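See below for the structure under consideration.
The values are calculated or read from the model by the stated rules, or taken from the named source; none is laboratory data. Predicted model, so just to flag it, every value in this text is computed and none were measured. As a convention, Cβ positions derive from the backbone with ideal geometry for all residues, glycine included, and neighbour counts pool all protein chains shown. Ligands, DNA and RNA are stripped out before the accessible areas are found, and what is left, the full protein with its side chains, is counted by its heavy atoms. Shrake-Rupley method; radii C 1.70, N 1.55, O 1.52, S 1.80 Å.
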Amino acid sequence: MALAPDTSGPRLWLFEACIAQDDIGGAAAAIRTARRCRPLDRPTLVLARARLLEARGRFGAARALVARAAGRWPTEPRLRCALSCVSD
């Protein structure tokens with residue numbers, strides 16, 4: 001984090017590492033710190049939050065979060081793609 005103290009990239013990599021290690025608390029903390037970074041990439045943070053919900057077994061909540069975000073930012077291709085992957 002010392003190399004890029006004001007960016008969310010390293011924190012989101014930490015989030016992924018924590019998810020891979022089943023460290024849910026560490027993953028949540030990484031998202032919280034990433035949210036304070038500027039510029040804030042909201043769609044990326046939404047996808048990370050959805051991944052955290054999925055890791056907690058809350059699949060419906062994860063899908064609902066992505067659906068709300070896709071409605072908020074309808075031209076965001078990452079959200080549309082994620083939503084199409086989880087649609088019934």
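Observations, loosely collected:
- Conditions (1) surrounded by 18 or more Cβ atoms within 10 Å (Cβ to Cβ); (2) within 12 Å of the chain's Cα centre (by Cα); (3) not charged (D, E, K, R): number failed by G9: (1)
- Among the residues making up the range 12-25, those that are within 20 Å of G57 (Cβ to Cβ) and surrounded by 15 or more Cβ atoms within 10 Å (Cβ to Cβ) are F15, C18, I19, D23.
- Pair list, Cβ under 8 Å, 6 or more apart: the range 75-88 residue modelled with pLDDT of 90 or more, other residue loosely packed, with under 10 Cβ neighbours inside 10 Å: R80/P74
- Scope the range 52-88; condition part of a helix (DSSP H, G or I), in contact with a Leu (Cβ under 7 Å, 6 or more places away or on another chain) and either open to solvent by 40 Å² or more (accessible area, probe 1.4 Å) or within 22 Å of C18 (Cα to Cα) (or both); matching residues: L53, A61, A62, L65, V66, R78, A82
- A2, sole failed condition from (1) open to solvent by less than 70 Å² (accessible area, probe 1.4 Å); (2) small (G, A, S); (3) modelled with pLDDT under 95: (1)
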